[in-house]
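Have a look at the structure below before the remarks.
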Amino acid sequence: MIMKYEFLYKNGHEDVINLEVTEDNVEKIESINKIIQLSMEGDVEGYITLGNGETEGHTIRVSDISRVKVTCSE
């Protein structure tokens, strides 16, 4: 399964990040989704890190995010 995150930042920049969901990272992805949801509900300081931890990674300050679209596909 693939989780697709489409981020719109407050400065107008857009990012699309795709993550493969595996048994090893499903809890981490659930945690990321919860942090994103909490950041949209109020001012939350901190960051999220998306990637496989070996060959790629993205660190995003949640206070910079304006909108997030998340889709899941097989």
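The values are calculated or read from the model by the stated rules, or taken from the named source; none is laboratory data. Keep in mind it's a predicted model, so treat the numbers as computed, not measured. No Cβ is skipped: glycine too gets one built from the backbone with ideal geometry, and neighbour counts run over all protein chains shown. The area values use the complete protein model at the heavy-atom level, side chains included, leaving out ligands, DNA and RNA. Shrake-Rupley method; radii C 1.70, N 1.55, O 1.52, S 1.80 Å.
I'd like to verify a number: residues in region 54-74 that are out of contact with any helix residue (DSSP H, G or I) (no Cβ under 9 Å at 6 or more places or on another chain), of a type in the set (Gly, Ala, Ser) and surrounded by 10 or more Cβ atoms within 10 Å (Cβ to Cβ), how many?
2
Kindly indicate the residue of region 23-53 that is loosely packed, with under 10 Cβ neighbours inside 10 Å and in a helix (DSSP H, G or I) and also modelled with the highest pLDDT among those meeting that condition.
In this case the residue turns out to be 27.
Being open to solvent by 60 Å² or more (accessible area, probe 1.4 Å) and without any contact (Cβ under 8 Å) to a residue 24 or more places away in the chain is the filter here, so list the residues in region 1-19 that pass it.
Of everything in region 1-19, those that are open to solvent by 60 Å² or more (accessible area, probe 1.4 Å) and without any contact (Cβ under 8 Å) to a residue 24 or more places away in the chain turn out to be 13, 14, 16, 18.
Could you list all residues from region 26-51 that are farther than 16 Å from residue 66 by Cα and touching a residue at least 24 places away in the same chain (Cβ under 8 Å)?
Listed by number, the residues that qualify are 29, 50, 51.
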